[in-house]
Amino acid sequence: MLHPSHFTAVLLFALFASIVFGITQRDTPRRMVRYGLYCFVLFVGAAIVLSWLMFLIAR
Amino acid sequence: MGQSDQGFSDLFKGHGLARALPAAFPQPRAPVRYSLKGMANPQDKKAAAASGFVYLPLIAGWLVPGAGHFLLRKWGRGALLALSVLGMFSIGIAMQGKLYAGAHDILEMLGLAGDLGNGLLYVVSRAAGWGADQITVTTGDYGTRFLVVAGLLNVIAAVDAHNLRTGRKT
């Protein structure tokens, strides 16, 4: 049984989703890699920003 | 000098450049001819791609992650897609995620629709009794989302294989 932390779960989710988005939404390998990285950064960045927002709201 | 060259020189009559032009800009001796015979063009490629059973990559890609791209000999893309969907599904199962079985309310119905996107993975997992019936641990909730999203990503990948087959995407 696997018990990853919240952040590890976010990283795994972002990694797999970004790979699929990159391959399916762009035509050339170079653009696929760029878009995949862009999605990964947005996934992880959004999770971090929203986490801080919720932390500050809850205080 | 051809007729077109003569016309070109006429433009510079009276400017003293007409005699200097041929030396400064050597003209081709014979006109260049092009033939499109035997060369591929987008319309021919699209017509060839659309022939046959175009839904095979879509169905294969849905049933087995990455199979649609493998059928089209896109080995690298297929391997990465299969790795992503299988990885996400396996992690979801390992986190004791719930596989939706019934459709009692709207949320369960949506979850079932997402899970069904996994194709044969869903059938095999249900038959083997993998996953949890009820969520009992915190990570089980994440696991459930991983299973649903793996199915949705698999559907996106299968549609991409279909687009490659029809020539809509290269």
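The values are calculated or read from the model by the stated rules, or taken from the named source; none is laboratory data. Predicted model only: the values in this text are computed from it and were never measured. So basically every Cβ, Gly included, is an ideal-geometry build from the backbone, and we count neighbours across all protein chains shown. These area figures cover heavy atoms from the full protein model, side chains too; ligands, DNA and RNA do not enter into them. Shrake-Rupley method; radii C 1.70, N 1.55, O 1.52, S 1.80 Å.
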* To do: Search segment A:12-38 for residues being farther than 16 Å from B:Ala150 by Cβ and among the hydrophobic types (A, V, I, L, M, F, W, C), and hand back the single one that is most open to solvent (accessible area, probe 1.4 Å).
  => A:Leu37
* Leading residue by the ranking (farthest from the other protein chains (Cβ to nearest Cβ)) among those in segment B:89-101 that are open to solvent by 20 Å² or more (accessible area, probe 1.4 Å), out of contact with any strand residue (DSSP E or B) (no Cβ under 7 Å at 6 or more places or on another chain) and part of a loop (DSSP other than H, G, I, E, B) -> B:Ala101
* **Residue list for segment B:144-170, filter: basic (Lys, Arg) and open to solvent by less than 30 Å² (accessible area, probe 1.4 Å)** => B:Lys169
* Asked: Would you pick out the residues in segment A:1-55 that are of a type in the set (Ser, Thr, Tyr), within 25 Å of B:Lys98 (Cβ to Cβ) and more than 12 Å from every other protein chain (Cβ to nearest Cβ)?
  -> A:Ser51
* Asked: In the set B:Ala79, B:Ala60, which member is out of contact with any Pro (no Cβ under 7 Å at 6 or more places or on another chain), open to solvent by 20 Å² or more (accessible area, probe 1.4 Å) and more than 12 Å from chain A (Cβ to nearest Cβ)?
  -> B:Ala60
